[in-house]
1. Regarding the stretch 357-370, can at least one residue be identified that is within 30 Å of Gly256 (Cα to Cα) and either out of contact with any His (no Cβ under 7 Å at 6 or more places or on another chain) or modelled with pLDDT of 90 or more (or both)?
2. Pull up the stretch 272-291, narrow it to residues that are modelled with pLDDT of 90 or more and open to solvent by less than 30 Å² (accessible area, probe 1.4 Å), then point me to the one that is farthest from the chain's Cα centre (by Cα).
3. Contact list please: Cβ distance under 8 Å, first residue in the stretch 530-549 and at negative phi, second residue among the acidic types (Asp, Glu), pairs at least six apart or on different chains.
4. Working carefully through the options Val243, Val185, Val251, Val192, find the one that is assigned to a helix (DSSP H, G or I), open to solvent by 10 Å² or more (accessible area, probe 1.4 Å) and β-branched (Val, Ile, Thr).
5. Pull up the stretch 157-182, narrow it to residues that are free of Cβ contacts under 8 Å to residues at least 60 places away in the same chain and surrounded by fewer than 22 Cβ atoms within 10 Å (Cβ to Cβ), then point me to the one that is nearest to Tyr556 (Cα to Cα).
6. Looking at this structure, is Gly460 farther than 19 Å from Val251 by Cβ and touching a residue at least 60 places away in the same chain (Cβ under 8 Å)?
7. Among Trp495, Trp478, Trp457, which is the only one that is modelled with pLDDT of 85 or more and farther than 30 Å from Met142 by Cα?
8. Suppose the filter is at positive phi and either over 21 Å from the mean Cα position of the chain (by Cα) or not assigned by the TED database to the domain that holds Met446 (or both); does Gly460 pass it?
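The values are calculated or read from the model by the stated rules, or taken from the named source; none is laboratory data. The model shown is predicted, which means the values in this text are computed figures rather than measured ones. Cβ placement follows ideal geometry from the backbone for every residue including glycine, while neighbour counts extend to all protein chains displayed. Calculation scope for accessible area: heavy atoms of the full protein, side chains included, ligands and nucleic acids excluded. Shrake-Rupley method; radii C 1.70, N 1.55, O 1.52, S 1.80 Å.
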Amino acid sequence: QLTAASFLRIGQLSNVDLNEDVHELETELPRQHPNEIPHNEKLLSLKYESLDYDNSENQLFLEEERRINHTAFRTVEIKRWVICAMIGILTGLVACFIDIVVENLAGLKYRVVKGNIDKFTEKGGLSFSLLLWATLNASVVMVGSVIVAFIEPVAAGSGIPQIKCYLNGVKIPHVVRLKTLVIKVCGVILSVVGGLAVGKEGPMIHSGAVIAAGISQGRSTSLKRDFKIFEYFRRDTEKRDFVSAGAAAGVSAAFGAPVGGVLFSLEEGASFWNQFLTWRIFFASMISTFTLNSVLSVYHGNAWDLSSPGLINFGRFDTEKMGYTIQEIPIFIFMGVVGGILGALFNALNYWLTMFRIRYIHRPCLQVVEAMLVAAVTATVGFVMIYCSRDCQPIQGSTVAYPLQLFCADGEYNSMATAFFNTPEKSVVNLFHDPPGSYNPMTLGMFTLMYFFLACWTYGLTVSAGVFIPSLLIGAAWGRLFGISLSYLTKGSIWADPGKYALMGAAAQLGGIVRMTLSLTVIMMEATGNVTYGFPIMLVLMTAKIVGDYFVEGLYDMHIQLQSVPFLHWEAPVTSHSLTAREVMSTPVTCLRRIERVGTVVDILSDTSSNHNGFPVVESNPDATQVAGLRGLILRSQLIVLLKHKVFVERANLSLVQRRLKLKDFRDAYPRFPPIQSIHVSQDERECMIDLSEFMNPSPYTVPQVTARDPLHPSILALGLRHLVVVDNRNEVVGMVTRKDLARYRLGKEGLEELSLAQT
């Protein structure tokens, strides 16, 4: 179905009416594999649940906390540090594995193709070489795409939007599973080796997060193995803290930037933060960089020289040769503006492309075909550009890994090939450090244009791949071009070193696409190993963000929005201040009595129309004069564990003591609580009574119904609440505020929009 016509339609998609009726959604879905899935971005999906970041401080929890003496408390602290060290070591090892495998496989592929091209340049018949290159790419990418599309679709893309959602408090299904990690690592190796315009840095962040979630639980649900360690950490509160450490360790392994990793976790993710957490996360990041460094140094044969701190090393920037003067600051700011505009263009194009993919390319087999098509096109574009380029440079003194001679004289190589015929990481370093005059401006201009569209088309394919390196590469190419044109204009003045402008261009382009400021400044500073560039890089990134935000939002936020995730930003929308809790809350609320019939509980949990996860518990007084005031809150997962362990007594003898449960019973069931359908309750048992007093949280957070919306936003986000009970002045439950009730209100083109909720 992928004809040329369907790609022409991408351009025309802008006039498709996106506000399709919600009724169409319901009629379309029952048909097996419709050709078009109507996608409405003004929806919030109900399939995403929140994490229970708030501890349920019921009687069991308080009893356990009282039993913990000083030594036990110290042991828990030591375990936390041990887990952080293990996260760092394992993330570093995974990064080494990816790096070594990619280097060897890509090296093998480039040697084969180079041998073939050299052979056919003399004899004629270069189309065979093109065919070989395109086939190799497409077949490698096919394997990488098949495992993602058919085994674990969550592993597609860089995984940063998903981890961002997880740290924001949204549970994305399957995101931190072991299977996801395996597919992610294999997928990223295959897509980089397959020559796509992608980097292996973004997926490292996701991999680090999965490793952290796995280690901190002390067991693997996928392998059905329980190692009986770290049982205290089996709850969302602890797991989410460790995941932020894993994400930071991933950044630090990818860029050799431990401080940048901590700031990334702070800026992009965790909505809950404290000082102890910062210190532990920094520890995990440092360990991760150090592990990667030591292993790669041994692999490269110089065991005592720790010179490769990250997967990508920008190389040293010498201050003497590449200093900057005060008059260059306006030039850097102008580059930031260009980066912001190009980034916004990249995001807008990718937005339309993603809408097209959601609607038409939703079957796994079509997704694999598209990935293969992109791989073949990338190879073809690269080949044609190298073939048509007449930009020859002397081989002497150059650091090209695979110099292609093609139609150049002996002792010369084709300089277009250094950009296309190489892994993207190596190309970035070449653009930063090759001496002035290594590239023809025409070569750089054509390369920027082609690579911009290739990278835009590649992001969002069903392969594991990051957008960091392609953005840096596009930016480095136009930045170097900018530097060359400057030295033409100023008649070759000494200050226009193209390498310095390549660095600023790379920062501007990446900032314009992903819109990170704080962490990206530090990552770029650490990766170049030069603090003097901190100020210009910060200026460039701030300008790129301000200019880009004027047009469209950042790439990651855009993809989060397209997946209809109830994501809460730091600030509530400006115009929503006038709303009160009464207007925002969901009603009516399903309440349980403190001593409730088992049958009632089972019926409420089995009701498919309302998949609520928290139930306010009210006083069970039959006396009509008394108010059924709020007594506590109990979660669906807790009720399921109670029913599973049959913690109830017959109605006649309520004085009997129920079966005692320990907190361990709840932790053992975490995180995959059984569905209610799998629990058998007989007819007699339905008549029994269940006392919720010691399991419910007796002090849930409540707000009066006249509360303005402003305090609701930070309480759900910063306290990590899943449920906020709204009460009237007699303490009766009138409504419930959850994350989705707040995320429903969004700032649109015409002011405040209210999104509708859908099951899809």
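1. Within the stretch 357-370, not a single residue is within 30 Å of Gly256 (Cα to Cα) and either out of contact with any His (no Cβ under 7 Å at 6 or more places or on another chain) or modelled with pLDDT of 90 or more (or both).
2. The selected residue is Thr291.
3. Going by the 8 Å Cβ cut-off, the qualifying pairs are Pro536/Glu328.
4. Sole residue among the options that is assigned to a helix (DSSP H, G or I), open to solvent by 10 Å² or more (accessible area, probe 1.4 Å) and β-branched (Val, Ile, Thr): Val185.
5. Among those residues, the one meeting the criterion is Val175.
6. Taking the combined requirement at face value, the residue satisfies it.
7. From the options Trp495, Trp478, Trp457, the qualifying one is Trp478.
8. Against the criterion (at positive phi and either over 21 Å from the mean Cα position of the chain (by Cα) or not assigned by the TED database to the domain that holds Met446 (or both)), Gly460 does not qualify.
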